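Following: one structure in structure tokens, then a few remarks.
The values are calculated or read from the model by the stated rules, or taken from the named source; none is laboratory data. On a predicted model such as this, the values are computed, not experimentally measured, just so you know. All Cβ positions, glycine included, derive from the backbone under ideal geometry; neighbour counts span all protein chains shown.
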């Protein structure tokens, strides 16, 4: 039981770091999607 209590802060830190990583990846994908949308709109306007 004591081992679990000692490991709890470390596990919480790892979980928090994982959330930040996923959020960053989501932001990157969103930015890429917006860039693709802009380029496709410009291509359609140029036709």
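Descriptive notes on the structure:
- Test: residue in region 28-47 that is modelled with pLDDT under 80, out of contact with any helix residue (DSSP H, G or I) (no Cβ under 7 Å at 6 or more places or on another chain) and outside any helix (DSSP H, G or I): yes
- Close pairs from region 1-24: first on the phi < 0 side of the Ramachandran plot, partner surrounded by 10 or more Cβ atoms within 10 Å (Cβ to Cβ) and part of a helix (DSSP H, G or I), Cβ under 7 Å, at least 6 apart: none
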